[in-house]
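Have a look at the structure below, then the notes.
The values are calculated or read from the model by the stated rules, or taken from the named source; none is laboratory data. From a predicted model like this one, the values you see are computed outputs, not experimental measurements. So basically every Cβ, Gly included, is an ideal-geometry build from the backbone, and we count neighbours across all protein chains shown. Please note that ligands, DNA and RNA were not included when accessible areas were found on the heavy atoms of the full protein model with its side chains. Shrake-Rupley method; radii C 1.70, N 1.55, O 1.52, S 1.80 Å.
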Amino acid sequence: MWKLVNGKLQQTTDMSRVKFRTTISKALINELSILAKKNNTHVNYLIESGFVNFLDNGEEISFNKDQRPKDRAHYKTTYDKELLEAIKEVAKENELYINDVIEYSTKFIDVESSKNSNYRYRIEV
């Protein structure tokens, strides 16, 4: 992100975002990568869209622990800090792992409401 300070641009770190590493289904990551590429966005923006819609929906999680994907791989990215904390709380309340909730929330992705890939290069005053 860039900030306009005294008429000059300064590159800064978005402090509302935190790094997070988890394991997610490789097949799901591949599907989201294709979807992100087609819609000029990033995978983590799609996942965040799913988080928001899932939390707004207030739907109960119906997750079968026996049907967890067997192809999980490490996935590192950044998320909005408050949004990730809300997802962690949902996982704790439902006695699930965070990666289970992340995978479940991808059902609620709305491509139209996800951020554009250039969002990270925005200029704030």
Show me the GluC sites (Glu not before Pro) within the range 76-116 that DSSP assigns to loop and that have at most 15 other Cβ atoms within 10 Å of their Cβ.
Glu95
Under 29 Å between alpha carbons, and skipping anything fewer than 8 positions from Lys26 in its own chain: which lysines qualify?
Lys37, Lys38, Lys65, Lys70, Lys76, Lys81, Lys88, Lys92, Lys107, Lys115
When all protein chains stay in place, what accessible area (Å², nearest 10, 1.4 Å probe) is found for Thr78?
50
Going by the alpha-carbon gyration tensor, a ≥ b ≥ c the square roots of its eigenvalues, is the range 30-123 rounded (a/c under 1.5) or, if a/c is not under 1.5, prolate (a/b greater than b/c) versus oblate?
prolate
Students sometimes get this wrong: rank Ser113, Ser49 by accessible area, probe 1.4 Å, all chains present, largest first.
Ser113, Ser49
Provide the FRET efficiency to the nearest 0.05 for the Lys37-Gln67 pair, computing r from the beta carbons and using R0 = 30 Å.
0.60
